[in-house]
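Structure first, commentary second.
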């Protein structure tokens with residue numbers, strides 16, 4: 001049995017801002033940009049991984065969610081508590097320089113971890129946690 005990652009989801013409150021960050025800052029390609037019933041889903045992914053998509057979705061895609069629950073989701077997203085993605089890279093320091101130069105919110109500067117990676121962390125424009133890891137092995 002073969003199981004592979006196909007898609008993961010990140011909540012964003014401004015798709016245009018998210019596209020600029022994921023495409024122009026991180027270098028991911030925009031694969032789809034779909035509107036449906038007043039909502040929008042955008043998929044992005046690394047050119048080197050055409051079979052893996054990151055779906056940039058509205059924080060609450062269910063139209064039946066109460067206004068109070070929508071506010072709660074917006075608060076959680078602003079705190080970076082909804083989702084996160086860990087990217088692998090061959091140059092953590094270069095990623096750090098590129099993202100911080102573009103104004104990315106730095107959570108952790110590059111550092112060697114005792115478990116064998118060098119990593120750094122940022123928040124995307126919607127507040128999601130993004131880590132970039134480089135194997136030290």
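Okay, here's what the table says:
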read-out: In segment 110-137, residue farthest from the chain's Cα centre (by Cα) [restricted to those that are more than 24 Å from residue 13 (Cβ to Cβ) and in contact (Cβ under 8 Å) with a residue 40 or more places away in the chain]; value: 135
read-out: Residue satisfying all of: in segment 110-137; in contact with a helix residue (DSSP H, G or I) (Cβ under 7 Å, 6 or more places away or on another chain) and in a loop (DSSP other than H, G, I, E, B); nearest to residue 47 (Cα to Cα) among these; value: 124
read-out: Residue 117 closer than 22 Å to residue 55 by Cβ, surrounded by 14 or more Cβ atoms within 10 Å (Cβ to Cβ) and in contact with a strand residue (DSSP E or B) (Cβ under 7 Å, 6 or more places away or on another chain); value: no
read-out: Residue 135, sole failed condition from (1) within 25 Å of residue 31 (Cα to Cα); (2) modelled with pLDDT of 90 or more; value: (1)
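The values are calculated or read from the model by the stated rules, or taken from the named source; none is laboratory data. Predicted model only: the values in this text are computed from it and were never measured. Every residue, glycine as well, gets a Cβ built from its backbone with ideal geometry; the counts of neighbours run over all protein chains shown.
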